[in-house]
Amino acid sequence: ATGLAGLLEHVSGVDIRQRGAFGMQADISIRGGTFDQTLILLSGVNLTDPQTGHHNLNLPVDLSAIQRIEVLQGPGARIFGPNAFNGVINLITGPPSKNHLRLSASAGAYGLFRVSGHLALGTRKTSHFLSPGYTTSAGYLPNTDFRGTTLFYRAESLFRAGTLSFQAGVGDRRFGANSFYSLRYPDQFEATKTRFLSAGFVSRSPEGFSASAYVR
């Protein structure tokens, strides 16, 4: 898969409607619902766009930085609130298991170029994970060019009382939206920016107390 949308297409019960290559704009729905009824989480923190579900997958994190994906379908999703009417998709980055540095790059037709990287550093009580990504293309048809940039950072600290976590992400997308809004005026262009910040604490007590705060 070249993007999150392409990966989720293989999940039973999940419907993806992509407009443009590499999932630059994609609508996601579960079990016949709409794109406004699916809740998107990043390591358990709400990342759903409150303005429109059309941009729920405009995430400030590269696909290569995601450790695993949890998909919850049906009425069990109600514990996450009214936005999870037909399901929840939780993207988990997770703390790295060991220190590493990883870089990757690729190029292709129509001016395609992609580059991404990971930097993971950790000790017994702290861990840091940084992941930048960049993708660009001139487009395979007129008005299908795109450019996307992501930068994601995650940190965790272990204390005797519990675990403190921190996440921050920046995502910019610019793409030609050929005939997306009107066939009469096909030359269209869209640009979106996502800024995300969260902090959370999970206690080690038997009661399992947890608290989090975030802004999108």
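The values are calculated or read from the model by the stated rules, or taken from the named source; none is laboratory data. Predicted model, so just to flag it, every value in this text is computed and none were measured. When we count neighbours, we look across all protein chains shown, and the Cβ atoms used for this are built from the backbone with ideal geometry, even at glycine. Protein only, heavy atoms only, side chains kept; ligands, DNA and RNA dropped before computing areas. Shrake-Rupley method; radii C 1.70, N 1.55, O 1.52, S 1.80 Å.
Using a ≥ b ≥ c from the Cα gyration tensor of the stretch 45-100 (square roots of the eigenvalues), is it rounded, prolate or oblate, where a/c under 1.5 gives rounded and otherwise the larger of a/b and b/c decides, a/b for prolate?
Working: a/c = 2.90, a/b = 1.59, b/c = 1.82.
Since a/c reaches 1.5 but b/c is at least a/b, the shape of the stretch 45-100 is classed as oblate.
HN-Hα J couplings of the stretch 61-78 from phi, Karplus 6.51/-1.76/1.60, θ = phi - 60°, integer Hz, Gly and Pro as x?
Those phi angles translate into 8, 6, 4, 5, 8, 8, 7, 7, 10, 10, 10, 10, 10, x, x, x, 6, 5 Hz.
Gap in Å between the Cα centre of the stretch 123-162 and the Cα centre of the stretch 24-53?
19 Å
Shape verdict for the stretch 103-216, please, from the Cα gyration tensor: rounded (a/c under 1.5), prolate (a/b greater than b/c) or oblate.
In terms of gyration-tensor shape, oblate.
Rounded to the nearest 20 debye, what is the charge dipole size of the stretch 1-126 about its Cα centre when +1 sits on each Lys and Arg Cβ and -1 on each Asp and Glu Cβ?
Roughly 500 debye, rounded to the nearest 20.
List, in order, the whole-Hz ³J(HN,Hα) value for each residue of the stretch 16-26 obtained from phi through the Karplus relation with A = 6.51, B = -1.76, C = 1.60 and θ = phi - 60°; use x for Gly and Pro.
10, 10, 9, 10, x, 6, 6, x, 4, 9, 8
Report the accessible area of Thr192, computed with a 1.4 Å probe over the heavy atoms of all protein chains in place, in Å² rounded to the nearest 10.
The accessible area of Thr192 comes to roughly 20 Å².
Counting Lys and Arg as +1 and Asp and Glu as -1, what is the net charge of the other residues whose Cβ lies under 15 Å from the Cβ of Ser165?
Once all neighbours under 15 Å are counted, the net charge is +2.
I'd like to know which of Gly133, Phe189, Ser165 lies farthest towards the positive end of the charge dipole of the chain, counting +1 on Cβ of Lys and Arg and -1 on Cβ of Asp and Glu.
It is Ser165.
Among Leu63, Thr52, Leu4, whose Cα lies farthest out toward the positive end of the dipole of the chain, if unit charges sit on the beta carbon of Lys, Arg (+1) and Asp, Glu (-1)?
The Cα lying farthest towards the positive end belongs to Leu63.
Taking springs between alpha-carbon atoms closer than 10 angstrom, which of Gly200, Gly87, Gly32 fluctuates most in the Gaussian network model of the chain?
Among Gly200, Gly87, Gly32, the largest mean-square fluctuation in the Gaussian network model of the chain belongs to Gly32.
Would you tally the net charge around Asp15, using a Cβ to Cβ cut-off of less than 12 Å, leaving Asp15 out, and scoring K and R as +1, D and E as -1?
Cβ neighbours under 12 Å give a net charge of 0.
Once you mark the chymotrypsin sites (Phe, Trp or Tyr not before Pro) that are in a DSSP loop and have at most 14 other Cβ atoms within 10 Å, what is the longest gap between them in the chain? Mind dumping the intermediate values first?
Values: sites that count: Tyr110, Tyr140, Phe159, Tyr181, Phe209.
Longest gap between qualifying sites, sites excluded: 1-109.
So how strong a dipole does the stretch 140-216 carry about its Cα centre when Lys and Arg Cβ are +1 and Asp and Glu Cβ are -1, to the nearest 20 debye?
In total the dipole reaches around 120 debye.
Need one number for the stretch 102-145: average projected area of the convex hull over its C-alpha atoms, nm².
If you wrap the Cα atoms of the stretch 102-145 in a convex hull and average its projections, you get 3.5 nm².
For the stretch 129-136, what does the Karplus curve 6.51 cos²θ - 1.76 cosθ + 1.60, with θ = phi - 60°, yield as ³J(HN,Hα) per residue in whole Hz, taken in order and with x for Gly and Pro?
9, 10, 9, x, x, 8, 9, 8
When DSSP assigns beta bridges and you keep just the ones with both residues in the chain, what percent turn out antiparallel, to the nearest 5?
The antiparallel fraction comes to roughly 95 percent.
Quick one: net charge of His54's neighbours, Cβ under 14 Å, K/R +1, D/E -1? Provide the component values of the computation, followed by the final result.
On the way: positive: Arg17, Arg19, Arg173; negative: Asp27, Asp36, Asp49, Glu190.
Local net charge: -1.
In whole percent, how big is the carbon plus sulfur part of the accessible area of the stretch 50-130, probe 1.4 Å, protein atoms only?
Working: 2840 of 4770 Å².
That fraction is 60 percent.
Mind putting a number on the dipole of the chain about its Cα centre? Charges go on the C-beta only, +1 for Lys and Arg and -1 for Asp and Glu, and I need it in Debye to the nearest 20.
Using only the charged Cβ atoms, the result is roughly 600 debye.
At 1.4 Å probe radius, can you tell me the per residue accessible area of the chain in Å²?
Ligands and nucleic acids excluded, the figure is 56 Å² per residue.
Is the C-alpha gyration tensor of the stretch 1-126 telling us rounded, prolate or oblate? Criteria: a/c under 1.5 is rounded; beyond that, a/b larger than b/c is prolate, otherwise oblate.
Since a/c reaches 1.5 but b/c is at least a/b, the shape of the stretch 1-126 is classed as oblate.
Take Ala213 and Leu103, extend 7 Å from each Cα along the Cα→Cβ direction, and tell me the distance between the two endpoints in nm.
3.8 nm
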